[in-house]
Amino acid sequence: MSTSSVPRPEPAAPSRPRRPVLPRIARRGAPQGALPALVLFTAVRLAGILAVILVNASRGRPLVRNLAHSWDSRWYLHIATHGYGRLIDVTPQGAVQTDWAFFPLYPALIRALTDLTPLTPGQAAMLVAWVAAAVAAYGVYVIGHHLYGRAVATALVALWAVLPHAVELTIAYTESLFAALAAWSLYCVLKGRWWWAGGLAALAGLARPSGFAVAAAVAVGAAYEVLRRRGRVPASLWAGAVLAPAGWLGYVLWVGRRTGDPLGGYLRVQSAWDSRFDFGAGSLRFLRALLLHGGGFVYPAALLILAAAVLLFALLCLERAPLALVVFAGILILLVLGGSGSFSSKPRFLLPAFPLLIPPARALARSWRGRPAAAVVVYGALTVASLLFGAYVVAVVHSPL
């Protein structure tokens, strides 16, 4: 028998290389296409900062000082440098305003940066605000991507970048930090990551007085899951729901203890700042005075922004958006409409309420697919208006931000 007729064993097929675990998790967990949206957001907000600098230059003022030292910024910087209980202001009406009205997370981050780096408190405050704004924009994107896909997510970030008061995302205020924590906590609710949702909500409660809106959204989202699954939920859901209000409640009780009134002390501190929930009585009095006597451009603009927010909330409800997003946005609107305080500051309090932009973001995404030229014109007009208005409220008028 010839050796050539003996069948030879076939070479073994090469084994398929095993995919690494980390890239697979990254592909599954991180939505694609975020970079263009984040670049657009960054470009618009840098243009907003440049507009403020140019207006300051035209008026002979320090170019960037009011970005880090405007209104509430001075209180945060003082807390970061000297701690609580060192700064008191007495109003012409005799009200004693203390620094306990300002929540601790932002000044704590400023203090940490100044201790670890050669940055000044003002520079550290700006760095925290800018980084938080970028993190918030990415959080807004991932929520939009999770719910509606890439086009709507990009439009959502784009619209958030050109809100009338969006310039205040990049000054030494807490809106960007609060928005970042809120967005990622709400994303974790949508993904069922309850430990993270509760932890981020607790941090949001240490950032702003309205932080309990995030805790409420987490709690309502958890309650919905309990009802939907008929009680068969993981222990992490209960833990996240309990953890969510811990930051806000802890600081409120701490202020109450410092003032000698554990339950009412924080409310008295806020009342001295004319910040209390009066079911809209203060807003109605101001609106009546505005209609009778008129006012500067900022106040009618604020009224128009609030009216638009109410309309957008109605549209958000009609969109049947996830309950956690509706609760979060609804509580922020309720606090703004029903709270007293400076009317010119009310639009700023709605900056973190990005779910309100979901209906116009969906419309903008559809317009881009069908009539891209019209979408570009509309967005360009919104951008110019945002840049001009932002520079005006920061560098020109003297109304509280």
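Looking only at segment 235-259, which residues are in contact with a Pro (Cβ under 9 Å, 6 or more places away or on another chain) and closer than 18 Å to A215 by Cα?
Listed by number, the residues that qualify are W248, Y251, V252, L253.
For segment 267-300, how many residues meet the condition of being among the hydroxyl-bearing types (S, T, Y) and more than 23 Å from the chain's Cα centre (by Cα)?
Number of matching residues: 2.
For a quick check of your reading: which helices (runs of 4 or more DSSP H) sit entirely within segment 259-348 and have at least 2 residues that are within 30 Å of Y392 (Cα to Cα) and without any contact (Cβ under 8 Å) to a residue 24 or more places away in the chain?
281-293, 298-318, 323-338
For (1) polar (S, T, N, Q); (2) free of Cβ contacts under 8 Å to residues at least 60 places away in the same chain; (3) not in a helix (DSSP H, G or I), each residue gets a yes or a no:
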{"position": "A216", "(1), (2), (3)": "no, no, no"}
{"position": "G221", "(1), (2), (3)": "no, no, no"}
{"position": "V226", "(1), (2), (3)": "no, yes, no"}
{"position": "R230", "(1), (2), (3)": "no, yes, yes"}
{"position": "S236", "(1), (2), (3)": "yes, yes, no"}
{"position": "R257", "(1), (2), (3)": "no, yes, no"}
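Residues in segment 45-54: is at least one in contact (Cβ under 8 Å) with a residue 24 or more places away in the chain and closer than 23 Å to P355 by Cα?
Looking for residues that are in contact (Cβ under 8 Å) with a residue 24 or more places away in the chain and closer than 23 Å to P355 by Cα, one finds at least one in segment 45-54, hence yes.
Are any of the residues in segment 307-328 within 22 Å of F286 (Cβ to Cβ), charged (D, E, K, R) and out of contact with any Gly (no Cβ under 9 Å at 6 or more places or on another chain)?
no
Being of a type in the set (A, V, I, L, M), more than 30 Å from S73 (Cβ to Cβ) and surrounded by 24 or more Cβ atoms within 10 Å (Cβ to Cβ): is that true of A235 here?
no
Could you look through segment 44-87, keep only residues that are assigned to a loop (DSSP other than H, G, I, E, B) and charged (D, E, K, R), and pick out the one that is modelled with the lowest pLDDT?
R86
Would you say F41 is assigned to a helix (DSSP H, G or I), under 30 Å from G144 (Cβ atoms) and either among the acidic types (D, E) or modelled with pLDDT of 90 or more (or both)?
Yes.
The values are calculated or read from the model by the stated rules, or taken from the named source; none is laboratory data. Bear in mind that the values here come from a model prediction, so they are computed numbers and not experimental data. So basically every Cβ, Gly included, is an ideal-geometry build from the backbone, and we count neighbours across all protein chains shown.
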